[in-house]
1. Assuming R0 = 41 Å, can you tell me the calculated FRET efficiency for the pair K309 and S335, based on Cβ-Cβ distance, to the nearest 0.05?
2. Hey, any idea what % of the chain's accessible area is carbon plus sulfur with a 1.4 Å probe?
3. Please give the per residue volume of the convex hull enclosing the alpha carbon atoms of the stretch 266-309, rounded to a whole number of Å³.
4. If I stretch the segment between E262 and R103 completely, what's the gain in nm (0.36 nm per residue apart, minus their alpha carbon distance), one decimal?
5. Can you tell me what percent of all Cα-Cα pairs in the chain are more than 41 Å apart?
6. If you place +1 on the Cβ of every Lys and Arg and -1 on the Cβ of every Asp and Glu, how big does the dipole about the Cα centre of the chain come out, in debye to the nearest 20?
7. Express in nm, to one decimal, how much length is gained between L165 and A198 on full extension, taking 0.36 nm for each residue of separation and deducting their alpha carbon distance.
8. So what is the calculated 222 nm ellipticity per residue for the chain, using -39500 (n - 2.57) for each DSSP H run with n of 4 or more, over all residues, to the nearest 500 deg cm²/dmol?
Amino acid sequence: MKAYIFNIHDVVLLMTAAECLLLAVFQLVLPARERNQGLLLTAFLLIVATASACTLLLWNDQIPALPLTGQLLPYFLFAALMLKGPAIFLYVTALTQRGLRLRRRHALHLIPALALLIGVFFFDLTSNKLRYIAISGQEVPEQLVDLIWDLATLIPLIYAAAGVLLVRRYKAELKDEYSHFSTTELSWLNILTLGVLASWGWTLIVHVAAKYTSVETADHLGIADNYVTFILINAFFAYSLAYAHQLLATRPQQSREPENSEAPSAEAIALVQRAVEVDKLYLKKNLNLEQFSERVGLPAKEVSAVINKHFGTNFFEFINSYRVEEAKVLLADESKAEMTVLDVLLESGFNSKSAFHRFFSRLVGISPSQYRKRALEGEGEGEATSL
């Protein structure tokens with residue numbers, strides 16, 4: 001009977017490693033939009049390729065053992081497992097903080113990996129020990145091996161959770177700085193980071209379940225993780241090509257208003273109120289905080305403080321609430337009944353139909369069409385009564 005070296009699940013690992021290598025090369029030859037984004041995505045792809053290849057070599061008994069495989073494989077494997085978390089976190093950071101420069105402080109993310117590799121070296125953990133295979137004259141330190149595997153599973157999950165929080169913070173920053181922004185690119189990035197969190201969370205579940213279930217059950221549980229990893233790799237690469245360059249830039253974190261700062265001055269409040277109530281700056285499409293601040297004649301930091309502290313909201317909500325009020329006036333004006341809803345939303349400063357309907361329905365409680373119908377019917381009834 002013919003023996004096979006690889007089963008279908010090994011093939012998935014091989015495909016993942018091979019595709020990561022190909023995509024990494026392809027990423028390097030693409031025109032650079034943001035240098036660090038490309039480098040960090042390439043690093044992530046190479047790390048995943050290394051992890052997949054090492055996992056295959058560690059657990060496949062049919063592959064002939066090379067002289068140094070048993071000694072060097074644990075270092076490559078755990079370096080890859082521990083670095084995939086920082087790689088994806090820094091990639092998301094580069095996406096959400098335009099112009100990010102890698103500095104010495106970013107090297108701190110290497111410390112967990114280095115600490116684990118020192119442990120592997122100090123306790124001489126070979127491939128056989130990692131697989132709980134006893135060697136004559138030696139005992140397998142099962143608790144130590146368990147701890148190494150636990151850390152290699154848990155730390156990437158922590159980084160994935162940090163990536164999800166980073167995307168949420170980025171969304172809040174966009175609302176502080178822009179009156180309108182496309183949610184498509186942000187939604188896909190959020191889905192991808194949640195996908196990584198779910199995938200690595202599943203890896204942790206499989207790791208824990210393997211301690212209390214049979215080998216066969218653990219193998220079946222782990223199969224899904226290999227397929228999800230393969231899908232995520234393709235998703236991240238597709239995202240980098242289609243959407244990553246469309247994300248908006250935000251101000252540096254250090255320039256944000258401190259929570260314990262003084263209340264905004266009455267003069268600053270008056271200037272901001274005049275800008276929206278008299279000058280109607282909200283009618284400008286794609287208005288952002290910097291443009292608004294220039295027109296008002298105040299620093300962006302001070303304008304942000306007025307909106308956040310005095311009005312109790314963010315720039316996104318603040319500007320769009322005035323746009324909704326402008327739209328209500330247009331919709332209720334009988335002389336402008338010939339205007340379509342699209343005309344109204346554009347006239348009131350919106351440039352997105354979905355954003356207009358979402359805001360209007362949330363703030364008014366009904367759709368723009370329903371509001372116009374009720375408003376015009378109310379005017380007609382009022383005129384009939386007066387006659």
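The values are calculated or read from the model by the stated rules, or taken from the named source; none is laboratory data. All values derive from a computational prediction rather than experimental measurement. Note that we place each Cβ from the backbone using ideal geometry, even for glycine, and neighbour counts take in every protein chain shown. SASA here: full protein model, heavy atoms, side chains in, ligands and nucleic acids out. Shrake-Rupley method; radii C 1.70, N 1.55, O 1.52, S 1.80 Å.
1. Details: r = 39 Å, r/R0 = 0.96.
According to the calculation, E is roughly 0.55.
2. 60
3. So the per-residue Cα hull volume is 64 Å³.
4. Full-extension gain reported as 54.0 nm.
5. More than 41 Å apart: 35 percent of the Cα pairs in the chain.
6. 760
7. 10.5 nm
8. Using -39500 (n - 2.57) per qualifying helix, the result is -23000 deg cm²/dmol.
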